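A short worksheet on the structure shown next.
The values are calculated or read from the model by the stated rules, or taken from the named source; none is laboratory data. All of these numbers come straight from a predicted model, not from anything done at the bench. Note that each Cβ is placed from the backbone with ideal geometry, even for glycine, and that neighbours are counted across all protein chains shown. The area values use the complete protein model at the heavy-atom level, side chains included, leaving out ligands, DNA and RNA. Shrake-Rupley method; radii C 1.70, N 1.55, O 1.52, S 1.80 Å.
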There are 2 protein chains.
Amino acid sequence: MTTQMMIELIAVLTAVRDDVPQVMTIDHGRLLPSGPLESTHRSLQAGVRAWVERQTGHPIGHVEQLYTFADHDRLLTTGQGRLIAISYLALTRSHAGETGWRDWYDYFPWENSKTDVGRDCLAIIERLLCRWVANMDNAAVRVRQWQRCVSLFAIGDMVAWNDELVLQRYELLYEAGLVAEAGCPPEDAVPGQAMHHDHRRILATGMARLRAKIRYRPVVFELMPEEFTLLQLQRVMESLSGVQIHKQNFRRLIMQQQLVEETGRIEENTGGRPARLYRFCGEVRQARQFVGTKIPLFQP
Amino acid sequence: MTTQMMIELIAVLTAVRDDVPQVMTIDHGRLLPSGPLESTHRSLQAGVRAWVERQTGHPIGHVEQLYTFADHDRLLTTGQGRLIAISYLALTRSHAGETGWRDWYDYFPWENSKTDVGRDCLAIIERLLCRWVANMDNAAVRVRQWQRCVSLFAIGDMVAWNDELVLQRYELLYEAGLVAEAGCPPEDAVPGQAMHHDHRRILATGMARLRAKIRYRPVVFELMPEEFTLLQLQRVMESLSGVQIHKQNFRRLIMQQQLVEETGRIEENTGGRPARLYRFCGEVRQARQFVGTKIPLFQP
DNA sequence: TTGGCTTATACTCAATATGAGCATAAAGAA
DNA sequence: TTCTTTATGCTCATATTGAGTATAAGCCAA
């Protein structure tokens, strides 16, 4: 007995502009590029590429699968059928003058913990979560949930901030009824723009995957221009992870891994001493593609 | 335009018996437990659980999604429809006297690189791959593919063996036409039992995921009995990863991470001095569930 | 022209973490 | 008893990491 199914492909397409990670959206920032799998698509990846390029005009590079959802709230409105969503993370380089790009942190201001906006947002969240648990009847549940808040949002610096827990933090806020998607009135919601359906949740999944992946695979270079200075590279990693990096140690680690090589050219507009330009060389030099990237991401 | 779809759920259910990782199979070891998603399933995970329990009678614990496939060779034979397969990794504890369990390394003998069988198998593979690239016309392609062989199978110890590349190694053997699934005659195939469809590929995906995950999440304990000695724990990690571990350093790392606590009881049947028994305590002690596991897996 | 600001780049130093091994303890077996 | 086996405690050299100092080389404004 096969039921009526519909497969939706959803892309979290990410690029970096002016050291700020951005995501491609449609519908005025309320939806991720997406569309149904069609019989003309040769594969799932091909389908994702087709939809993104059709809806945004932007060709995409690196693509990897994120997650497949088929919850019960994903029922087709047209009948007894079921809607399955397969989400993808895609990375791409430049995008001068295109529309549809939005900052990651418009949707997740609290994830930008290195900025003032992020810190303010976290302070608000802390208060709201505190109120949320205070209203719980069962004492044991209250303690456990507060523990969860503390460890996910690094409240009270007994626990270090873990930048990879983007999804878990969003889900906690959802459960606490502090995001618009959970049906809460805007005045009770945490800062950050909402999206339709569960697209903000999918964005969180993509952000978490990318934050995890840049630690052990050289995927950052998918987002960098051909030539870049080491500070530019550092800025991109910092803004992706939302965490500060010690400059000298960052250089040391990048250099000793031999992922980059000097181009011989110089960037003059640094605001200070000119900087050497580098290019990614992991692809060419090592046919062994399975190299890692170690980054000194620390907590301040 | 929605096409006719069928969703298949496939489980890589893993347990450990006598320090050997095993996978649950049906059809005499030729298939992984699997079945179509039905409208009665409340979620994908629930569907996986239902199918595994119906086909094998074994209840499962930890479950996580692996990958969703929809390649063109996955067309429904009944028409123009498409078959989508969503695969899951599941972990479970004991399974005394159940049928259907097979050793991981019956399917992937070369992945058991710490044993003699594994080393012999790797020697055979090296010869076959050597012959494969030797027959290539284009010199540039030959060099690149040989590079790939060298780095994936750690040929000539210029490169260290990477135990997480299970899937990449299988895919290389598939491309080289050295596995039965690629349609090669049995006498040309590499050792290791084949499976129907792409189930061996999915098993490889599950093995790779588990090998990667035990390094940074305390999932091993899902496979351990309630009480265990540190050597038992080490043996399980070694057999999962196919890599040797330095005993004293392993103990040091496990102890200092405070993932386990003494039960106060003693295991007598060690073959030597009796050993203390431990239990996993990460779950209870730390409501912060996001703890890691660091293991000193080295290459000999 | 000079001092101040910015970023770049080279090095140092202490604290940890890691790989490898030694030594002793405690059981059973020959 | 002596040998073998596993358990467990401890040392030591080396590598990695976090943090900071020092100097270089641009720009700009006084």
Pick from region A:239-281 the residues that are in contact (Cβ under 8 Å) with a residue 24 or more places away in the chain and open to solvent by 90 Å² or more (accessible area, probe 1.4 Å): which of them is farthest from DNA strand C (Cβ to nearest atom)? A:258
Please go through (1) assigned to a loop (DSSP other than H, G, I, E, B); (2) on the phi > 0 side of the Ramachandran plot; (3) within 16 Å of DNA strand D (Cβ to nearest atom) for residue B:264 and return the number of the only condition it doesn't satisfy. (1)
Subset tally (residues that are on the phi > 0 side of the Ramachandran plot and crowded, with 17+ Cβ neighbours inside 10 Å) for region B:86-136: 1
Would you check which residues across region A:6-61 are open to solvent by less than 20 Å² (accessible area, probe 1.4 Å), under 21 Å from residue A:223 (Cα atoms) and within 14 Å of another protein chain (Cβ to nearest Cβ) and list them? A:10, A:48
Pick from region A:137-159 the residues that are among the small types (Gly, Ala, Ser) and surrounded by 11 or more Cβ atoms within 10 Å (Cβ to Cβ): which of them is nearest to the other protein chains (Cβ to nearest Cβ)? A:151
Do any residues in region A:154-169 that are on the phi < 0 side of the Ramachandran plot and without any contact (Cβ under 8 Å) to a residue 24 or more places away in the chain have Cβ atoms under 8 Å from those of residues that are assigned to a loop (DSSP other than H, G, I, E, B) and buried (at least 18 other Cβ atoms within 10 Å of the Cβ), where the two are at least six apart or on different chains, and which pairs are they? A:162/A:154
Take the residues in region B:218-233 that are assigned to a helix (DSSP H, G or I) and at pLDDT below 95, then tell me which one is farthest from DNA strand D (Cβ to nearest atom). B:222
Would you confirm, using the coordinates I've provided, whether residue A:215 is within 15 Å of DNA strand D (Cβ to nearest atom) and over 14 Å from residue A:19 (Cα atoms)? yes
